[in-house]
Structures are given as structure tokens and as C-alpha cells.
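Reading through the C-alpha cells given below for one structure.
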Amino acid sequence: MRLQIRAVGRMKPGPEQELLDLYRKRLSWQLDILEIDDRKSAGSTPERIAREGAQLQADLPPGAVVVALDERGRELDSREFSRTLTAWRDNARLPIVFMIGGADGLERELVNKADLTLCFGRMTWPHMMVRAMLVEQIFRAQSIQQGHPYHRA
């Protein structure tokens with residue numbers, strides 16, 4: 001399985017990075033992380049979101065499955081998430097690219113074009129924490145597929 005996370009902002013050393021690294025090391029699937037520089041630049045919030053969206057979509061591999069993480073997305077339980085990844089893999093829909101926006105979210109056009117818009121609940125999460133949560137759920141999906149006891153629910 002080939003997966004990629006494209007995210008706005010650079011993760012700094014700290015507990016979120018440690019948690020992400022913990023689950024990333026457990027993965028047997030290939031997971032690449034591309035961070036988009038989010039240095040404050042001139043322009044309005046909509047202009048910045050549009051620039052970030054363009055950067056997130058730049059050089060997107062042809063045929064990639066795009067998953068936008070957005071507060072208005074679908075809530076999947078871990079088994080549904082695992083089944084979704086399995087179906088894409090089995091139908092040769094790779095790589096799977098997860099898009100995480102910055103503090104102001106993702107560009108609406110990017111969200112509307114995504115194959116899946118995913119939400120981690122109705123609460124607002126720090127976007128650096130979302131990265132760690134996503135990698136944990138990817139590891140959990142892999143564990144479910146392999147029949148590993150990590151996922152007990």
C-alpha cells in the first residue's frame with residue numbers, strides 16, 4: 001500500500017511528532033509525508049488558502065485517490081476506514097493521498113474534488129494533532145486488515 005500525507009505547516013519536535021513517529025515506525029505500508037511551507041505571506045485568508053491548495057495539489061500523482069480531511073466530512077469508524085483503504089488497494093487505486101490544511105482549513109475546490117472527505121468528529125482538532133491521529137488510524141487499518149489484535153473493538 002502506498003500512502004502519502006500532504007499537510008500545511010512544518011511539524012516541530014514535541015509530543016505530536018513523537019506520537020506520529022511511533023505509529024509510522026509500526027507501519028509496513030509505505031507512508032510519505034510532504035509538508036507545505038505555511039510561512040505567513042501577503043494577502044487575505046482566502047488568497048492564502050488558495051495558494052496552500054495549489055501547493056497541496058502540485059505534482060499529484062496521476063490516478064491518486066485524494067482524501068481531504070475537513071470538519072464537514074464523513075465520520076468513518078476504524079473498520080469502515082480499513083475497508084475503504086482495502087477497496088482502493090484491491091482496485092489498484094494508488095497512491096492514496098491525504099490532504100490536511102492549515103489553521104484556516106482546505107480550499108473548497110480541493111475538498112469538492114476529493115474522492116473522500118473525512119472528519120475526525122465534530123470537534124476542532126489542532127492540525128498537527130490530526131497528523132498523529134491519522135497515522136494511528138492508518139496503522140489501525142493495517143492491523144485490522146492483517147487480523148492483528150491491536151484493534152479489539
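The values are calculated or read from the model by the stated rules, or taken from the named source; none is laboratory data. Predicted, not measured: the structure shown is a model, and the values here were computed from it. Please note: Cβ atoms are built from the backbone with ideal geometry, for glycine as well, and neighbour counts cover all protein chains shown. What goes into the accessible areas is simple: the full protein's heavy atoms, side chains included, and nothing from ligands, DNA or RNA. Shrake-Rupley method; radii C 1.70, N 1.55, O 1.52, S 1.80 Å.
For the chain, averaging the sequence separation of C-alpha pairs within contact (under 8 Å, six or more residues apart) and dividing by the residue count gives a relative contact order of 34 percent.
Shown in residue order for the range 118-126 are the 3J(HN,Hα) couplings computed by the Karplus curve 6.51 cos²θ - 1.76 cosθ + 1.60 at θ = phi - 60°: 10, 10, 9, x, 7, 6, 8, 10, x Hz (x for Gly and Pro).
Apolar share of the accessible surface for the chain: 50 percent from carbon plus sulfur atoms, 1.4 Å probe. Beta-bridge orientation, the range 62-125: approximately 10 percent antiparallel, per DSSP, counting only bridges with both partners inside.
Against the main long axis of the alpha-carbon atoms of the chain, helix 127-145 sits at an angle near 20°.
Between the Cα long axis of helix 45-57 and the first principal axis of the chain there is an angle of about 50°, rounded to the nearest 10.
Summarising the strand pairing of the chain, around 5 percent of its internal DSSP beta bridges are antiparallel. Taking label positions 7 Å along the Cα-Cβ direction at both Trp29 and Asn91, the computed distance is 1.6 nm, reported to one decimal. Compactness check for the range 1-62: Cα Rg over 2.2 N^0.38 Å is 1.34. When peptides 87-94, 65-72 are sorted by average Cβ neighbour count within 10 Å, with the highest value leading, the order is 65-72, 87-94.
Give, in nm to one decimal, the length gained when the segment between Asp21 and Arg74 is fully stretched (0.36 nm per residue of separation minus the Cα-Cα distance). Numbers along the way, then the final one.
Numbers: separation 53, 0.36 × 53 = 19.08 nm, distance 2.60 nm.
Gain on stretching Asp21 to Arg74: 16.5 nm.
Build a GNM of the chain with springs between Cα atoms under 10 Å apart, and of Gly121, Gly101, Gly14 the one that fluctuates most is Gly14. Per the Debye calculation on the range 31-153 with a single equal scatterer at every Cα and no solvent contribution, log₁₀ I(q)/I(0) for q = 0.14, 0.18, 0.19, 0.20 Å⁻¹ amounts to -0.63, -1.02, -1.12, -1.23. Computed with a 1.4 Å probe over protein heavy atoms only, the accessible surface of the chain comes to 55 Å² per residue.
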